Amino acid sequence: MAWNKNDYPESMKNLDESVRNKAIEIANSLMEEDYEEGRALSIAIAQAKEWYENRGEETASDITHHLVSEGDKWILKSADSEEQKKFSTKEEAMKEIEKLKKEKTMKVMVHDADGKFQKVI
């Protein structure tokens, strides 16, 4: 089940709207990756709160890509399309991101190997 800003779990009802929307986005992504619902919600809420605290002037609409771990690969995913690039290591992905940032404007939400938000670059 995909959640949206009008239909979301009870556990998100008391979140600030921007945090809730981010949590919905993260939870939907985790559910697509076959996370168990309770775990996906817990992770999504925690990451959304952390995102909100660390975002500074960033907004969800500023994020153009996500760098995530999938198995033994690192995936740079476009936030608004199916486009993605695969890398053997996080270091390799970060080098490519730096090159890409010189060519075009992009903001990347970087996650650690456990899927937890780390930073925006």
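What FRET efficiency do you get for A2 and M106 if R0 is 22 Å and r is their Cβ-Cβ distance, rounded to the nearest 0.05?
0.30
Taking the Cα centre of the chain as origin and charging only Cβ (+1 Lys, Arg; -1 Asp, Glu), how large is the dipole, in debye to the nearest 20? Before the final figure, lay out each step's value.
Working: 20 positive and 27 negative charges, 90 e Å.
Rounded to the nearest 20 debye, it is 440 debye.
Summing +1 for each Lys or Arg and -1 for each Asp or Glu, what net charge is found among the other residues whose Cβ lies under 12 Å from the Cβ of E92?
Here the charged neighbours net out to +3.
Could you give the alpha-carbon Rg of segment 3-51 over 2.2 N^0.38 Å, rounded to two decimals?
Details: Rg = 9.4 Å, N = 49, 2.2 N^0.38 = 9.7 Å.
Cα-based Rg divided by the globular estimate yields 0.97.
How far, in degrees from 0 to 90, does helix 37-54 lean away from the longest principal axis of the Cα atoms of the chain, to the nearest 10?
70 degrees
Return the loop-located GluC sites (Glu not before Pro) in segment 77-120 (DSSP other than H, G, I, E, B) with at most 15 other Cβ atoms within 10 Å of their own Cβ; answer none if there are none. Please report the intermediate quantities before stating the final value.
Values: sites: E82, E83, E91, E92, E96, E98, E103; in loops: E82, E83.
Sites meeting the loop and neighbour criteria: E82, E83.
For segment 73-84, in order, what is each residue's ³J(HN,Hα) by Karplus, 6.51 cos²θ - 1.76 cosθ + 1.60 with θ = phi - 60°, in whole Hz (x at glycine and Pro)?
Going residue by residue, I get 10, 10, 10, 9, 10, 5, 6, 10, 7, 7, 4, 7 Hz, with x marking Gly and Pro.
How far, in degrees from 0 to 90, does helix 90-103 lean away from the longest principal axis of the Cα atoms of the chain, to the nearest 10?
It works out to around 80 degrees.
Give a quick list of trypsin sites (Lys or Arg not before Pro) in segment 13-57 that DSSP marks as loop, anything other than H, G, I, E or B, with at most 10 other Cβ atoms within 10 Å.
K13
Leaving out ligands and nucleic acids, and using a 1.4 Å probe, what accessible area per residue does the chain come to in Å²?
Per-residue value: 62 Å².
I want to check the label-to-label distance for E17 and S88. Put each point 7 Å from Cα in the C-beta direction and report it in nm to one decimal.
Modelled inter-label distance: 4.8 nm.
What value, in deg cm²/dmol to 500, does the helix sum -39500 (n - 2.57) over DSSP H runs of n ≥ 4 give at 222 nm once divided by the residues of the chain?
So the calculated ellipticity at 222 nm is -13000 deg cm²/dmol.
Rg and Dmax of the chain, Cα atoms, in Å?
Expressed in Å, the Cα Rg and Dmax of the chain come to 14.2, 43.
Ranked from the most accessible area to the least, with a 1.4 Å probe and all protein chains present, what is the order of M109, M94? Each step should come with its number before you reach the end.
Working: M109 0, M94 45 Å².
Accessible-area ranking of M109, M94, largest first: M94, M109.
Ignoring any ligand, DNA or RNA, what whole percent of the accessible area of segment 60-121 comes from carbon and sulfur when the probe is 1.4 angstrom?
Heavy-atom surface of segment 60-121 belonging to carbon and sulfur, 1.4 Å probe: 45 percent.
The values are calculated or read from the model by the stated rules, or taken from the named source; none is laboratory data. Because the structure is predicted, anything quoted here is derived from the model rather than measured. Ideal geometry is used to build each Cβ from the backbone, glycine not excepted, and the neighbour counts take in all protein chains shown. Just the protein is used for accessible areas: all its heavy atoms, side chains included, with ligands, DNA and RNA removed. Shrake-Rupley method; radii C 1.70, N 1.55, O 1.52, S 1.80 Å.
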